[in-house]
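To keep things clear, I will list the structure first and then write my remarks on it.
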Amino acid sequence: MDEWEYRGEGNASLVIASKKEGIVYRVLKRKVNKNSQDGHHEKEKSKEHFENVMKYKVGYITHVMKPLLCEEYVSPWKLVAVSKDFLQQVSDKFQSFRPQARLSTEVNTLCSHVVQLPDFCLLPGVQNDNVPTFCIEIKPKAGFLPTSEFISEDHQIKKSVCRFCMHQRLKLKEGKWSCLSEYCPIDLFSGKRSQMKKALSALFSNPQNNLRIFKNGALLYGATSKHPPTKDVQLQLINQLVSWYGQCSDDDHDVSIATSPAIHSLQDVIIKALLSSSQNDTVLSSSQNDTVLEPIRKKRKL
């Protein structure tokens, strides 16, 4: 267990990483059971269900995401058998690393498998600390506006305001975030450099859970609370990038995420990478129209 590190978590899974092996495990979570009277029955009922959930996730990646986004963009998901004792150790060791907002869930010790993936925070075979590896993780969200005829009159706003931007207002009202993000996934998926730069600038200023930057597998920049990163955290990222680019360190405390040349250079690198692939038209077109969703929508009116 010593080789494993906490990497992060979402609503459904907790992720741990092994730098030694260059892999990560996605560990399934479940809601904390507060009903002690029905707990035993719930566990017996849930075990098979959780196993089916894992198989469904792997099947979805294999049969839906790979054909839709092209195989070169989707890594294979491998189910790996683990013991209940291993999962309990994961739960115990990393409980103190978990964000407060995620404590309504726990590691599901009933599930006998985890999903194994390559660790994209590291480059295979690169172990030299003098040559740092930076990883940019973006959770882009849905980058299209639906046009379905099955959207009801009461929900016509869906055709003009993207789902992410609507949810931003809901999450602000619920107190999940302290301020609105100016990021819009439609800008990122537009394929136009100016709009993509606008989207990335918004993510860097207020990453929430949509942007994380790692250095050698360790989290360097991202949201650690419901507030945007502090000035000191921003300067830490800027100085790391300045050093990486081989420039002189900038001691000007007036520099910020919005004005730093190093940040702008990194954003330009990201945009170039996103637009460089010969398959980017497939990815962009998949995000910009929702015809692939029509068979689902026809089964139920939105």
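The values are calculated or read from the model by the stated rules, or taken from the named source; none is laboratory data. Source: prediction; values computed, not measured. Cβ atoms come from the backbone with ideal geometry, glycine included; neighbour counts cover every protein chain shown. With ligands, DNA and RNA removed, areas are computed over all heavy atoms of the protein, side chains included. Shrake-Rupley method; radii C 1.70, N 1.55, O 1.52, S 1.80 Å.
Structural remarks
- Of the residues making up the stretch 209-220, those that are surrounded by fewer than 22 Cβ atoms within 10 Å (Cβ to Cβ) and either under 14 Å from residue 263 (Cβ atoms) or not charged (D, E, K, R) (or both) are 209, 210, 213, 216, 217, 218, 219, 220.
- Matching residues in the stretch 168-195 - criterion: being under 14 Å from residue 140 (Cα atoms) and open to solvent by 60 Å² or more (accessible area, probe 1.4 Å): 182
- Residue 198 being basic (Lys, Arg), touching a Cys at 6+ places or on another chain (Cβ under 9 Å) and over 29 Å from residue 131 (Cβ atoms): yes
- When each of 100, 89 is tested for being modelled with pLDDT of 90 or more and out of contact with any strand residue (DSSP E or B) (no Cβ under 7 Å at 6 or more places or on another chain), the lone residue that passes is 89.
- Among the residues of the stretch 209-220, those that are modelled with pLDDT under 95, in contact with a Ser or Thr (Cβ under 9 Å, 6 or more places away or on another chain) and assigned to a loop (DSSP other than H, G, I, E, B) comprise 216, 217.
- Test: residue in the stretch 147-160 that is assigned to a strand (DSSP E or B) and among the hydrophobic types (A, V, I, L, M, F, W, C): no
- Scope the stretch 123-143; condition hydrophobic (A, V, I, L, M, F, W, C) and modelled with pLDDT of 90 or more; matching residues: 134, 135, 136, 138, 142
- Given (1) farther than 21 Å from residue 132 by Cβ; (2) free of Cβ contacts under 8 Å to residues at least 24 places away in the same chain; (3) part of a loop (DSSP other than H, G, I, E, B), index of the condition residue 191 fails: (2)
- Pairs where the first residue, in the stretch 54-71, is farther than 16 Å from residue 114 by Cα and the second is not in a helix (DSSP H, G or I), C-beta under 6 Å, 6+ apart: 65/74; 66/74; 70/279
- A residue that is at pLDDT below 80, closer than 15 Å to residue 107 by Cα and open to solvent by 40 Å² or more (accessible area, probe 1.4 Å) occurs somewhere in the stretch 35-47.
- Look at the stretch 128-156: where a residue is on the phi > 0 side of the Ramachandran plot and a partner is open to solvent by 60 Å² or more (accessible area, probe 1.4 Å) and modelled with pLDDT of 90 or more, sitting 6+ places away or on another chain with Cβ atoms under 8 Å, you get 141/163.
- Number of positions in the stretch 221-247 that are in a loop (DSSP other than H, G, I, E, B), open to solvent by 40 Å² or more (accessible area, probe 1.4 Å) and farther than 28 Å from residue 22 by Cβ: 6
- Subset of the stretch 56-86 that is open to solvent by 90 Å² or more (accessible area, probe 1.4 Å) and within 18 Å of the chain's Cα centre (by Cα) - its residue that is modelled with the lowest pLDDT: 73
- As a summary of the residue check, residue 91 satisfies the conditions (1) in a helix (DSSP H, G or I); (2) of a type outside the set (D, E, K, R); (3) under 28 Å from residue 164 (Cβ atoms) except for the one numbered (3).
- So residue 123, is it out of contact with any Asp or Glu (no Cβ under 8 Å at 6 or more places or on another chain), more than 29 Å from residue 24 (Cβ to Cβ) and open to solvent by 50 Å² or more (accessible area, probe 1.4 Å): no
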